[in-house]
Amino acid sequence: MHDPALIQALAEASREFDATGKDPERNCWMAVHRHVHGVTPSEYDIREVPEDLYLAVLEARRAQ
């Protein structure tokens, strides 16, 4: 189980990417990627992120 404060913070951080495309799935993945790997993904970045964390962040964003 992930820290609820972290999940909420990442859901809010995902909105930073709305300017480049309002796709919640993509933007949540980008926020989680940045949290896990320390950098925003490039076009060819295929590093994985923890699926459970991603899904929790996406659920939190949809609930906002």
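The values are calculated or read from the model by the stated rules, or taken from the named source; none is laboratory data. These figures come from a predicted structure and were not determined experimentally. Don't worry about glycine lacking a Cβ; one is built from the backbone with ideal geometry, like all the others, and counts go over all protein chains shown.
Here are a few things to note about the model shown:
- Among the residues listed as A19, A13, the single one being out of contact with any Ser or Thr (no Cβ under 7 Å at 6 or more places or on another chain) and surrounded by fewer than 18 Cβ atoms within 10 Å (Cβ to Cβ): A19
- Flag for R47 being touching a residue at least 12 places away in the same chain (Cβ under 8 Å) and of a type in the set (K, R): yes
- Pairs where the first residue, in the stretch 9-28, is farther than 10 Å from V57 by Cβ and the second is at pLDDT below 95 and among the polar types (S, T, N, Q), C-beta under 6 Å, 6+ apart: none
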